[in-house]
Amino acid sequence: MASWDLLLVDAHIATMQRDKVDYGTITDGAIAIAGDEIAWLGPRSDLPDVAVAATRSLGGHWVTPALIDCHTHLVFGGDRAAEFEQRLRGISYTDIAAAGGGILATVQATREAGPEELLAAARTRLDALIRDGVATVEIKSGYGLDVDNEIKMLEVATQLGDVTAATIVRTLLAAHCVPPEYAADADAYIDHLCDELLPAVAERNLADAVDAYCESIAFTTAQVGRVFATAKSLGLPVKLHADQLSHGGGAELAASFDALSADHLEYTSAAGVKALAAAGSTAVLLPGAFVTLDESRKPPVAALRECGVPIAVATDCNPGTSPLVSLREAMALASRVFGLTPEECLAGTTREAATALGLGADRGTLESGKRADIAIWDVDHPRSLSYWLGVSPLAGLLIAGRDVSLT
Ligand code: DI6
Ligand code: FE
């Protein structure tokens, strides 16, 4: 006869299941866990008679799917607080980048750092995300920009998954910036990526997807198209930093490669939104970068809703444009600056974030058969998760059915 390892009772459940209204709420619910999966959930009054090893009362707290941060650059050397201060004295992000600062400053610091140093710094940030309810984190490379240093970054990301309870999803972002060695010839760098770097990373199984920065200060659609064609030939799905600072046809390009996601999207056109909808790509909105760069043009939220493009929200945690180490704070910002409803913000960091990572079948909602990644919150209603700024109401976190220490 079936038996359960743990039964959670005395909780209200925001299941966040697709096509359910009002957060998929189950009032006075119960969740049964067997192994690393949810075995049953529903109203407590419907509980079937099954043997249980342990029962825990959650004292009327709310539970949601554990949060998923689907766009971060968590592994990097140094920081760029001095550049942040320069920007506030009136120097623009693009001017700093053109003068060799910006991404290249972090490339230098990351190349100089050993793996242990990178691991320790990233672990501090990852622990902060976990303490705010996150169980799954995507981490991009992109500050190495040569074979050895991109591999070093991806190995550190892999290790983070071994030393913490979180699931780490690794993305190769070698097309982030033209490295100094190729300063005069971006196309030659793209050749190097396609001929050597991507195959070397794929052979070592170090990446789950490939990303690129398609922007006037980075790579053109033609250059990114070559990287994506190579990624696809190696069996790797793609995603794109698209239309953040200018309209460059990034969303259309991402859609033409059936991208998992297109991210930022401030300047995406109506045609770009339609292309994403047709491709089934997720839109990942990044309010931390929007506020840090003091942008004014907002992503086309109304068009994304109208066309049924799934909307995810992520931290974009990076030292240049989004030094944001709380996904719940990203939800709070997305509601304020992009006008997402609190329910959209929570869907955007659970169900839609899972979809953006290609993990929708396995996590992102609370339902039987999915991973028991469960966040427990000391709030009166899940809308409060987007409401409060500066405090974490997290009361508990289970990853794969196991309690995670929050200290
Ligand atoms: N994500 C990125 O990769 C770039 N902007 C963004 O939102 C730049 C990151 C950086 O300046 O280091
Ligand atoms: Fe980014």
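What separates the Cα centres of region 14-30 and region 238-254 is a distance of 34 Å. A straight chain from THR25 to ASP380 at 0.36 nm per residue would run longer than the Cα-Cα distance by 126.5 nm. Solvent-accessible area of TRP62, all protein chains in place: 20 Å² (probe radius 1.4 Å, heavy atoms, ligands and nucleic acids excluded).
Taking one quarter of the surface of the convex hull spanned by the alpha-carbon atoms of region 162-265 gives a direction-averaged projected area of 7.2 nm².
Mark the label point 7 Å from the Cα of ASP148 along Cα→Cβ and return the residues of region 106-133 whose backbone N is within less than 15 Å of it. In region 106-133, the label zone of ASP148 (backbone N under 15 Å from the point 7 Å along Cα→Cβ) covers 108-116.
The helix-only estimate of mean residue ellipticity at 222 nm for the chain, built from DSSP H runs of length n ≥ 4 each weighted as -39500 (n - 2.57), is -10000 deg cm²/dmol after division by the residue total.
With protein chains left intact and a 1.4 Å probe, residues in region 178-269 average 36 Å² of accessible area per residue. Cut-off 16 Å, label point 7 angstrom out along Cα-to-Cβ of ALA99: give me the residues of region 55-82 whose amide nitrogen falls inside. The answer is 80-82.
Against the main long axis of the alpha-carbon atoms of the chain, helix 221-233 sits at an angle near 60°.
Each part gets one Cα centre, and for region 371-407 versus region 124-153 those centres are 22 Å apart.
On the protein heavy atoms, probe 1.4 angstrom, tell me the percent of accessible surface of region 175-237 carried by carbon and sulfur. Let's see the in-between values first.
Working: 1270 of 2610 Å².
In region 175-237, the share of accessible area belonging to carbon and sulfur is 49 percent.
Counting only DSSP beta bridges whose two residues both lie in the chain, roughly 40 percent are antiparallel. When you work out D = kT/(6 pi eta Rh) for region 218-261 at 10 °C and 1.306 mPa s, using the Kirkwood radius from C-alpha pairs as Rh and the Stokes-Einstein form, the result is 152 µm²/s.
Would you kindly state how much longer the chain becomes between ASP403 and VAL391 on full extension, computed as 0.36 nm times their sequence separation minus their alpha carbon distance, in nm to one decimal? It would help to have the intermediate numbers written out before the result.
Numbers: separation 12, 0.36 × 12 = 4.32 nm, distance 2.12 nm.
Contour length minus the Cα-Cα distance gives 2.2 nm.
Annotation for ASP36 and GLU116: the two label points, set 7 Å from Cα along the Cα-Cβ direction, are 2.9 nm apart.
Each eigenvalue of the Cα gyration tensor of region 47-146, multiplied by 5 and square-rooted, gives one semi-axis; in descending order these are 41, 17, 11 Å. Both numbers refer to the Cα atoms of region 239-337; Rg and Dmax are 12.4, 34 Å. Overall, the chain carries a charge dipole of about 680 debye about its Cα centre when +1 sits on the Cβ of Lys and Arg and -1 on the Cβ of Asp and Glu, all other atoms neutral. The Cα atoms of the chain cover 70, 43, 42 Å along the three principal axes, with the biggest extent listed first.
Determine the share of region 295-407's accessible area contributed by carbon and sulfur atoms, expressed in whole percent, with a 1.4 angstrom probe.
Details: 2070 of 4150 Å².
Carbon with sulfur: 50 percent of the solvent-accessible area.
Max-minus-min Cα coordinates of region 241-282 on each principal axis give 23, 17, 13 Å, with the largest extent listed first.
Geometric descriptor of region 4-67, per residue, is 90 Å³ (volume of the convex hull of the Cα atoms).
Shown here are the Rg and Dmax of the Cα trace of region 69-205, at 15.5, 46 Å.
For region 153-216, the percent of C-alpha pairs falling in each 5 Å distance bin, counted from 0 to the bin holding the largest distance, reads 4, 16, 23, 22, 16, 10, 6, 2, 0.
Which pairs, out of LYS274/LYS370; LYS20/LYS370; LYS232/LYS298; LYS274/LYS298, put more than 24 Å between their alpha-carbon atoms?
Numbers: LYS274/LYS370 31 Å; LYS20/LYS370 17 Å; LYS232/LYS298 31 Å; LYS274/LYS298 17 Å.
The pairs that break the limit, which is 24 Å between Cα atoms, are LYS274/LYS370; LYS232/LYS298.
Both radii come from the Cα set of region 273-407: Rg as radius of gyration, Rh as Kirkwood radius; their ratio Rg/Rh reads 0.97. Using the Cβ-Cβ distance between ARG336 and THR124 with R0 = 25 Å, the FRET efficiency computed as 1/(1 + (r/R0)^6) comes to roughly 0.40.
Using bins of 5 Å that start at zero, the share of Cα-Cα pairs per bin across region 47-93 amounts to 5, 11, 10, 10, 13, 8, 8, 8, 8, 6, 6, 5, 3, 0, in whole %. Multiplying the residue separation of ALA165 and CYS307 by 0.36 nm and subtracting their alpha-carbon distance yields 47.5 nm. Can you spot the lysines whose alpha carbon is less than 20 Å from LYS152's alpha carbon? Ignore those fewer than 8 places along the same chain. Excluding near neighbours in sequence, the set is LYS140.
The values are calculated or read from the model by the stated rules, or taken from the named source; none is laboratory data. All values derive from a computational prediction rather than experimental measurement. Positions of Cβ are generated from backbone atoms using ideal geometry, with glycine treated the same way; all protein chains shown enter the neighbour counts. To get the accessible areas, we keep the full protein, side chains included, count just its heavy atoms, and leave off ligands, DNA and RNA. Shrake-Rupley method; radii C 1.70, N 1.55, O 1.52, S 1.80 Å.
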